[in-house]
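One structure is given here, and the rest of the page talks about it.
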Amino acid sequence: MVKLTKNELKKQKDSLKRFERYLPTLQLKKQQLQMVIRQVEHEYDALKRERDKLRKDLDRWIGVFNDGIDLTPYAEVEKIDTSLGNIAGIDIPVFEDLHFVDRRWSVLDTPPWVDAGVQALREMLVYEARIKILKVQLRRLGDELRTTTQRVNLFEKVKIPETRENIRMIQIYLGDQQTAAVVRGKIAKRNLVKAES
């Protein structure tokens, strides 16, 4: 319950100013997040299409040239390098590079297509790593967008209307008190005048 005092009125007005000043910042952050999410989704979809095309090409190519040779040991991932990016105050991972375990194969004991096959398989794994990082970005950005949207709604639909209503109630109460004081003053003056006459 809000107090019906001048101090509380000032407090409520200060709160309203703060809410109205903060709301546009939240709305801007929400718009920025929505824009970045669309960009990341576009990049994610493009990478998936490129990966799927490479996979089809690789499957056809291995079907023609495969001599029962397993290329996966030559494309073993050692580590993924990422850096931290910052979008609208959120730290997100950014893909930098993919390092493979250094395994050599004999040029004399393997068919000539193995070099190109290993290269294509490694390229596929780079796509997979980039897609995985983009999924993490989308998840973090989506979480932040959800939180920001909740805050925008809290300010727009709850805090600002509630504070305005509190201000209105206090102003009505204080106005009524002032009117009552004036009426009491007039009655007292009238009674004083009657008593003197």
- Note on the structure: If we keep only residues of segment 71-112 that are modelled with pLDDT under 80 and of a type in the set (Val, Ile, Thr), then the residue nearest to Lys135 (Cα to Cα) is Thr72
- Does Leu145 satisfy the criteria of being under 12 Å from the mean Cα position of the chain (by Cα) and either modelled with pLDDT of 95 or more or surrounded by 14 or more Cβ atoms within 10 Å (Cβ to Cβ) (or both)? yes
- Message: Looking at segment 100-117, can you tell me whether even one residue there is among the basic types (Lys, Arg), in contact (Cβ under 8 Å) with a residue 24 or more places away in the chain, closer than 30 Å to Lys6 by Cβ and surrounded by fewer than 17 Cβ atoms within 10 Å (Cβ to Cβ)?
- Response: no
- Write out, first by first residue and then by second, each pair whose Cβ atoms fall under 9 Å of each other, whose residues are 6+ apart or on separate chains, and whose first residue, in segment 171-188, is assigned to a helix (DSSP H, G or I) while the second is basic (Lys, Arg). Leu174/Lys6
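Residues checked against (1) over 14 Å from the mean Cα position of the chain (by Cα); (2) part of a helix (DSSP H, G or I); (3) touching a residue at least 60 places away in the same chain (Cβ under 8 Å):
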{"site": "Gly85", "(1), (2), (3)": "no, no, no"}
{"site": "Asp91", "(1), (2), (3)": "no, no, no"}
{"site": "Lys132", "(1), (2), (3)": "yes, yes, no"}
{"site": "Lys159", "(1), (2), (3)": "yes, yes, yes"}
- Message: Conditions first: (1) of a type in the set (Lys, Arg); (2) closer than 30 Å to Ile131 by Cβ; (3) modelled with pLDDT of 95 or more. Arg51 passes all but one, so which condition is the exception?
- Response: (3)
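The values are calculated or read from the model by the stated rules, or taken from the named source; none is laboratory data. Note that the structure is a prediction, hence the values are computed from the model and not measured. Methodologically, a virtual Cβ is constructed for each residue, glycine included, from the backbone with ideal geometry; neighbour enumeration extends over all protein chains shown.
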